[in-house]
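Visitor: Please see the structure below; I have some questions.
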Amino acid sequence: MKFEPRRYSAVLLAADRSLTARQLLMALDCERSGIKPVTPIGEWSVGAGTVRVRANYSRSSRAVADDDGLYPHRVFVADATIDGRPYHLVASPYVRFLAKCLKRLDDSRPMPLIYFKPSMSDVFSHFETTRPTRLAATRISVLMEGDVGLEIVSLSGRNPLRSDLRHALLGVASPYAIRVKGTFIEKRPVNIHADRHGNIWCHLGSEEALINMAAFASVMIRNGHLAPTSSSPLLRLPGEDSDL
């Protein structure tokens with residue numbers, strides 16, 4: 001299946017040391033013959049597969065069903081062992097499609113899937129004090145609390161984490177989401193988004209651009225003090241087309 005440039009959503013899962021990317025793709029109902037390895041990305045090994053379903057999650061008039069009336073959807077699974085712990089990064093277009101795939105897998109297991117959500121305060125702190133060569137925070141979102149009710153406020157700029165306004169909000173707002181610009185191989189930077197529920201999403205122009213998402217996932221694992229949860233982060237995302 002040809003790569004489809006568009007928004008991709010991803011989540012981090014706890015991995016069993018015996019469960020490879022290929023085995024997870026098969027558990028997600030990817031066709032065995034269609035599962036292919038993708039060029040390794042840093043410390044991540046990546047596999048790609050295709051799931052065929054009745055629903056057309058793309059909402060595109062150009063999407064065409066096969067002879068069986070099924071629509072193909074691409075799924076990527078990346079594996080890495082970081083600081084002694086194994087992880088899966090599962091990515092696919094269409095939030096609702098990915099959520100249903102993972103729920104079906106969860107329902108088929110004796111033990112629930114374990115997702116990870118980051119401490120967004122620690123993620124903010126990392127990007128405020130450290131400037132990775134090819135990753136830079138360009139927007140942050142905070143959740144206003146107290147008399148103003150609950151409202152998400154976003155700050156953008158070259159370094160919003162060091163802005164006077166951000167520091168003025170510290171007492172009345174909690175870190176909610178971040179946008180990070182990745183400049184690994186793409187001619188155009190890739191904007192990667194993440195929220196405190198554990199959702200990661202970005203627009204990928206090529207399969208190779210996954211390196212940006214994987215590199216950001218590594219940063220979150222090492223610096224985000226991840227907390228395990230059995231609740232899917234995908235159920236907390238406002239909508240497929242939302243862009244905090």
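Just so you know, all these numbers are worked out from the coordinates, no wet-lab data involved. None of these values were measured; they are calculated from a predicted model. For neighbour counting, all protein chains shown are included, and Cβ atoms are generated from backbone atoms with ideal geometry for every residue, glycine included.
Visitor: Using Cα springs under 10 Å in a Gaussian network model of the chain, which residue among E207, E145, E43 shows the largest mean-square fluctuation?
Guide: Checking each option, the largest mean-square fluctuation is seen for E145.
Visitor: Counting only C-alpha contacts under 8 Å and six or more residues apart, can you give the relative contact order of the chain as a whole percent?
Guide: With pairs under 8 Å counted, the relative contact order is 24 percent.
Visitor: G198: net charge of surrounding residues, Cβ under 11 Å, Lys/Arg +1, Asp/Glu -1, itself excluded?
Guide: After counting each charged neighbour, the total is +2.
Visitor: While we're on this one: Take the chain, connect every pair of alpha-carbon atoms lying under 10 Å apart with a spring to form a Gaussian network, then pick out the residue of K103, K117, K187 with the largest mean-square fluctuation.
Guide: Of the options given, K187 has the highest mean-square fluctuation.
Visitor: Please state the relative contact order of region 17-155 as a whole percent: Cα pairs under 8 Å, 6+ residues apart?
Guide: Relative contact order of region 17-155: 16 percent.
Visitor: How high is the relative contact order of region 24-68, in percent, counting Cα pairs under 8 Å that sit 6 or more residues apart?
Guide: 31
Visitor: Right, here's the next one. If you average the C-alpha positions of region 173-240 and of region 1-80 separately, how far apart do those two centres end up, in angstrom?
Guide: 18
Visitor: Based on Cα coordinates alone, diagonalise the gyration tensor for the chain, multiply each eigenvalue by 5, take square roots, and list the semi-axes in whole Å, largest first.
Guide: Listed largest to smallest, the semi-axes of the chain are 31, 19, 18 Å.
Visitor: Would you tally the net charge around T39, using a Cβ to Cβ cut-off of less than 13 Å, leaving T39 out, and scoring K and R as +1, D and E as -1?
Guide: -1
Visitor: Please turn the phi angles of region 119-130 into ³J(HN,Hα) values with the Karplus equation 6.51 cos²θ - 1.76 cosθ + 1.60 (θ = phi - 60°), one per residue in order, whole Hz, x for glycine and proline.
Guide: Taking θ as phi minus 60°, the curve returns 6, 5, 4, 6, 5, 4, 4, 4, 6, 6, 9, 10 Hz for region 119-130.
Visitor: Only helical DSSP H runs with n ≥ 4 go in: add -39500 (n - 2.57) per run for the chain, normalise by residue count and round the 222 nm mean residue ellipticity to 500 deg cm²/dmol.
Guide: After summing the helix terms and dividing by residue count, I get -6000 deg cm²/dmol.
Visitor: Another one. Between T229, T20, T133, find the one with the highest GNM mean-square fluctuation for the chain; connect C-alpha pairs within less than 10 Å.
Guide: Fluctuation is largest for T133.
Visitor: Compute the signed sum of charges (Lys and Arg +1, Asp and Glu -1) over the other residues within less than 11 Å, Cβ to Cβ, of T138.
Guide: Charge balance in the 11 Å sphere: +4.
Visitor: With only Lys, Arg, Asp and Glu charged, each at its Cβ (+1 for the first two, -1 for the last two), find how big the charge dipole of region 68-128 is about the Cα centre; round to the nearest 20 debye.
Guide: Computed charge dipole of region 68-128: roughly 300 debye.
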